[in-house]
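Asker: For reference, the structure I am asking about is given below.
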Amino acid sequence: MQERTADLQRLKAEYDNYRRRMDRDRQMIAEQATGRVLGAMLPTLDDIGRARDHGDLEGPFKAVAEALEAALESIGLARFGTVGDEFDPLVHEALMHSYRPDVTAPTCVEVFRSGYSYGGRVLRVAQVAVAEPIDEPEASAEPGGASADTPAPDDTGSVPGPGGGPSVES
């Protein structure tokens, strides 16, 4: 009798584990399918954003665009990547780099394309221009080292000109 009870308990535990695994797999497949559909919608959202930026989003098209954005947001699509965000290489792609005195950490100073996430997963990274703070160059103790008034080179190897912009060398 105890053997049959133990067998039934093991069988029930196996079935419960199977059912939980199948529920988890079904949910994961549904999220992946939704993510693929949302990913296919991103170029349309980019077009809507460009129309809004240029003042072409008016009338009935504006109402449809706002309804579409609200519907996608309600199912979990999240936009990220705004000017002033701290640069995070996991969610931002740096297309340009510069040094500026008005930032204290690597910061997004321009957004070329917004990023989107769904269900805690990044669907597309944001494309941004990044600025880093200008570090005060330290006086070099070595002869022939960089002087205190030489600006730091940018990532292209050129030395910034006055005002932090690139200098033109002849």
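Asker: If you roll a 1.4 Å probe over segment 1-134 with all protein chains in place, what percent of the accessible area is carbon or sulfur?
Answerer: Roughly 55 percent of what the probe reaches on segment 1-134 is carbon or sulfur.
Asker: Here's something else I'd like to know. Residue separation times 0.36 nm, minus the C-alpha to C-alpha distance between L95 and V122: what's the value?
Answerer: Working: separation 27, 0.36 × 27 = 9.72 nm, distance 1.82 nm.
7.9 nm is the gain from fully extending L95 to V122.
Asker: Give me the dipole magnitude in Debye, nearest 20, for segment 1-96 about the Cα centre, with unit charges on the beta carbon: positive for Lys and Arg, negative for Asp and Glu.
Answerer: Rounded to the nearest 20 debye, it is 740 debye.
Asker: Please give the FRET efficiency for I29 paired with A67, using the beta carbon to beta carbon distance and R0 = 30 Å, rounded to the nearest 0.05.
Answerer: Between I29 and A67 the formula returns 0.60.
Asker: Right, next: Note down the accessible area of R124, probe 1.4 Å, to the nearest 10 Å².
Answerer: Roughly 30 Å² of R124 is accessible to a 1.4 Å probe.
Asker: Another one. For segment 48-53, just list the computed ³J(HN,Hα) in residue order, Karplus coefficients 6.51, -1.76 and 1.60, θ = phi - 60°, integers in Hz, with x standing in for Gly and Pro.
Answerer: For segment 48-53, the Karplus curve yields 4, x, 5, 4, 5, 4 Hz.
The values are calculated or read from the model by the stated rules, or taken from the named source; none is laboratory data. What you are looking at is a predicted structure, and each value in this text was computed from that prediction instead of being measured. Heads up, the Cβs are rebuilt from the backbone with ideal geometry, glycines too, and the neighbour counts pull from every protein chain shown. Each accessible area value is taken on the protein alone, full model and side chains, heavy atoms only, with ligands, DNA and RNA left out. Shrake-Rupley method; radii C 1.70, N 1.55, O 1.52, S 1.80 Å.
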